[in-house]
Each structure stands twice: as structure tokens, then as C-alpha cells.
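Undergrad: To start, I am sharing the structure in question, which I have written as C-alpha cells.
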Amino acid sequence: MSSDGIHSCAGPSGAGTRPASRREFLRRAGGGFGMMALASLLERDGLLAADSIAPGPPVSADSLTPRSPHFAPRARSVIFLFMSGGPSHVDLFDPKPDLIRLAGQPIPESFGTFKTRRNVAKNKLLPPLRAFRRHGQSGIEVSDFLPCMAEHVDEMCLLRGCHGDSVTHPESVYLMNTGSILMGRPSLGAWAAYGLGTENQNLPAFVVLPDPEGWPKGGAPAWGNGYLPSTYQGTLLRGGDSPILDLATPPGVSGEQQRATVEFVNRLNRENLRAGEENSELAARIAAYELAFRMQSHAPEVVDLGRESEATRRLYGLGNGVTSEFGTRCLLARRLVEAGVRFVQVYCGDANGWDGHSKMEENHSRLCAQSDGPIAGLLTDLKARGLLDSTLIVWGGEFGRMPMSEGGDGRDHNPHGFSMWLAGGGVKGGQVIGATDAVGLRAAEDKTHVHDLHATILHLLGFDHERLTFRRNGRDERLTDVAGNVILRAVA
């Protein structure tokens, strides 16, 4: 017996490793008991499950396999209809009788000071360009600019008290897409892909359908992966015969030859992949090669609209010179979520898009005519196929427009108050949440910051936005930074 009263447990011959003393045993076991207690407390508080999402799952060839969120999701996919350039809320979704009454007058001093890019504070108030009418059982007022979308107000949760942090396009585009006005953070779609993976291993989890006339101001970082592994960045689908660049097998190369080439390249890459580098760019590249090869066989089926009926094509406005292009991308969005893609972003408008600094009538007439029918068709189609309940639709731009005129017939940027809407995917439709002030300048009631919008989208996907994190430089980063509240009234 040792001096600590613990019997020696050497082998039959007396040889062997000296056993731990009682003091050593308790010292070592104490840490273990503490960890067991900590695990119990974490499980009680619902925090233990977060380990599957935070820190990030390892990146490997199957890094996009479906993963379970924190709780039962209301939506399994998202289609974000991004109106690039900043649509005018006071001309589309936010009726302001006082703006009509005060038209032609300077904005009253009672509205205080505010930040604009130009000296337009003393410009005269510009009335709405179209009349507003009540629609649906809910009686929500919508502008005559959008007669087709207006038929779906009972499915919409209209957020009239939205606000952001910047008056410039790139910063506001980044904020709406990544939760920060700074370039380089992961986009909303990348976070969804990181958290959920994809239901179809032959397709990306996050797909972007840009406007063929040009990208939004701010460009590709709006759908980038930021500090998340590059596996989760958005995959671009373009119009035309080759929606995915370099996807088709080169002429004269068989499928077997292509498979052998991919296997050879990945074998060389894996030889250079050291232990502990599962989150490296090289690991993501290996996964990208594998996904690209699988997409060569399966993606063409998804983008082949020839499989759609003539009635469906008409529903989206295909064949109409005004609506055909945007309608095609809305139809592709439906086919993508139907095939298991988690997040699809459809851009309406190029770098200028809805940016009506002048000739607002012409600008919004053109873009509303282009998008109104196809978006209504998308909602109708999703509902008819039983997909609307599981697909969250988000509509909006980077900000709204000022109630004052710019140059007599335009409006400047307005991040202080604007409108967005949600539909499907667990959203309680037929309601309006929030309000701007009497002329639509600032969010005034039940305000919705962009962080709140992001927290709500993640909630509908089954995530606690405070727990969907990624460890970077010793800090658990998240989409909503240190802010954001779920809009509980928006959830059915």
C-alpha cells in the first residue's frame, strides 16, 4: 500500500506503470466531474446542441449534407427577391395622405434634421406617383404600380417600419445582404448554407440569379462567403444557353474521362491536405470539384424550362417581351427550391435599377411592369404546388426613397424608413407591422432594423441567430453581430 493508502496495481511480476495516487486521482477526476456538470447545465439551458453549428462544421467533400437546425423550422428554403437600387416605399407599399396634402411644400421643421447625401432637405415634398387601393380580406393598401402583387396581400406580412445604417448603395447592399456595411462578411445565403447544407447533393445550397443588365452596386461580396469556408458562397446562374459557366463537359471528352480527371486532381489535392486542415481553402476546393462534376449531370435538368407546361410559362410571363427575362429567373428560382436548394437570390435591376434620382415615373413604371406579374406568378405557383408553406419569400431593396423631390421628378436614397415584405415559410400573412412617420421619412412605430429582419429569417429556418456562429480569431461571429430581435408578430 502506498503512503496515500492506494494499493499498487502492478502486474503479476510486480512490474508496470506506477498507478496514480489518491491525490492524483482526485485532482484528475475533479476536472472530469466539472465537465460533466457543465455539460448537464448546458443541456438544461439548450446550449449543448449549438456545438453542431458553432463552431463551424468541418469542410469536406460532404460539407453540404443536410444538417438539423436548432429547432423545428417553419421554412426549408428562401427566395430573396432583391430590388437593386432602392424601390420607393411611398410610391409602392406605404400610402401617405399627408404627403398628398403637403405636396409642393418644404418638409415641416417638426420632422427635424436628417442625413442625406445631397442638400435636398429643403426640396419640396413629392406626392405618390400612383393611387393606393385596398386589396384582399386584410384590406392592405398597395399602389396601382403593382396590381398583380396586390392580389396576394393576404399572404404577405408587410414591414413598413424598416431602417438601415447608410445612405450609400454599396454599404446598404452589404448591410442588407451580410449584416454589416463593411465588405467581406458572409452573406445571408452563405449563413443559411452553412447552417443547413443542401437537400440535393448535386446542386449548391446557395444560388444567385443576377440581373443580366449588371450586378448591384457592391458586386459579388453581396453573395460572398466572407470568413466562412468558400463552399458556402453563392453560385451564379446566368441567362442564356449556358446559365452556369464552364459546366458543360468539353467536346470530345466522355463522362468517364471527366470523372477520371476530377479524381486525379482531387487525389493530388488530398496529398497536400494535412491533418487539421479540414476548414482550409484546399478542402473547399476539393469539395467544389466534386460538386461541379455532379452538377454536370444534374443541373441541366433543373434549368431546362422546356419541361414546364405552357400554362406555367404564361403564369410567369414567359414569351412577353417585358416580363420574359425576369419571369424566367423567377421560374428557375421555383425549380431550384423544388430541387432542394436552400437559398435563392433573384436580383431585379442592375447597378442603377430602382435608383430613381430622376424620372421616377419612367423608372418605376418600367421595373414594376417587369417584376410585378412574375412575382405574383411565383407566389401563385408555389401555393398551387404546396411549396409556399415551406418556402420563405422576401421582397425588398437596400433602402427606400425620400418623400422630397430631387430635381423635381426624382427621389434620393432613404435608409431611415422603407418597406419590405415576407410571405410563405411560416409567416403570418395579411398584416402590416410598423409604420413610418406622416410623410414616410423615418421609421416611427414597431421599427424593424435589418438585423431584426435577418434574425427573423434565421428563426423561420430553425435557427437561434445568437447561436448560429462561426469561430474566427477567437470570437464567435454571427450574422446579426450583437443586435437583432425576432419579429414574433410576423411568425404564424
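The values are calculated or read from the model by the stated rules, or taken from the named source; none is laboratory data. Remember, it's a predicted structure, so these values are computed and weren't measured experimentally. We place every Cβ from the backbone using ideal geometry, glycine too, and count neighbours over all the protein chains shown.
Undergrad: Can you tell me which residue in region 84-106 is nearest to TRP421 (Cα to Cα), limited to those that are free of Cβ contacts under 8 Å to residues at least 60 places away in the same chain and either part of a loop (DSSP other than H, G, I, E, B) or in contact with a Phe, Trp or Tyr (Cβ under 7 Å, 6 or more places away or on another chain) (or both)?
TA: PRO95
Undergrad: Scan region 178-187 residue by residue and report those that are surrounded by 24 or more Cβ atoms within 10 Å (Cβ to Cβ) and either hydrophobic (A, V, I, L, M, F, W, C) or part of a helix (DSSP H, G or I) (or both). First the steps, then the outcome.
TA: So the first thing to find is which residues in region 178-187 are surrounded by 24 or more Cβ atoms within 10 Å (Cβ to Cβ), and the list is 178-179, 186-187.
Selection gives THR178 alone.
Undergrad: Another question, if that's okay. Just need a number here: residues in region 146-168 that are closer than 17 Å to ASP91 by Cβ and in a helix (DSSP H, G or I).
TA: Total meeting the criteria: 3.
Undergrad: Looking only at strands (runs of 3 or more DSSP E) that fall completely inside region 410-492, which ones have 3 or more residues that are hydrophobic (A, V, I, L, M, F, W, C)?
TA: Numbers: elements: 418-423, 431-433, 443-445, 469-472, 475-478.
By residue number, 418-423.
Undergrad: Please enumerate the residues belonging to region 371-386 that are in a helix (DSSP H, G or I), surrounded by fewer than 19 Cβ atoms within 10 Å (Cβ to Cβ) and not charged (D, E, K, R).
TA: THR380, ALA384
Undergrad: Separate question: Would you check which residues across region 467-484 are basic (Lys, Arg) and at pLDDT 95 or above and list them?
TA: Going through region 467-484, the residues basic (Lys, Arg) turn out to be 467, 471-472, 475, 478.
Once the filter is applied, which keeps residues that are basic (Lys, Arg) and at pLDDT 95 or above, region 467-484 yields ARG467, ARG478.
Undergrad: Right, next: For region 210-232, give me the residue count where each residue is under 25 Å from ALA455 (Cβ atoms) and in contact with a strand residue (DSSP E or B) (Cβ under 7 Å, 6 or more places away or on another chain).
TA: Looking only at that region, the number is 5.
Undergrad: Here are SER371, SER405: which of them is farther than 26 Å from THR323 by Cα, in the same structural domain as GLY319 (by TED's automatic domain parsing) and among the polar types (S, T, N, Q)? Steps first, please.
TA: Working: SER371 fails: farther than 26 Å from THR323 by Cα.
Selected residue: SER405, the only one of SER371, SER405 that is farther than 26 Å from THR323 by Cα, in the same structural domain as GLY319 (by TED's automatic domain parsing) and among the polar types (S, T, N, Q).
Undergrad: Moving on. Mind listing whichever residues of region 328-365 are polar (S, T, N, Q) and either in a helix (DSSP H, G or I) or without any contact (Cβ under 8 Å) to a residue 60 or more places away in the chain (or both)?
TA: The first filter runs over region 328-365 and keeps only residues polar (S, T, N, Q), leaving 328, 345, 352, 358, 363, 365.
Of everything in region 328-365, those that are polar (S, T, N, Q) and either in a helix (DSSP H, G or I) or without any contact (Cβ under 8 Å) to a residue 60 or more places away in the chain (or both) turn out to be THR328, SER358, ASN363, SER365.
Undergrad: Give all pairs with beta carbons closer than 8 Å in which a residue from region 428-454 that is free of Cβ contacts under 8 Å to residues at least 40 places away in the same chain meets a residue that is of a type in the set (Gly, Ala, Ser) and crowded, with 17+ Cβ neighbours inside 10 Å; count only pairs at least 6 apart in sequence or on separate chains.
TA: Cβ pairs passing all conditions: ASP452/GLY484.
Undergrad: Quick check on region 162-173. Is at least one of its residues assigned by TED's automatic domain parsing to the domain that holds ARG478, buried (at least 19 other Cβ atoms within 10 Å of the Cβ) and among the acidic types (Asp, Glu)?
TA: Yes: one or more hits.
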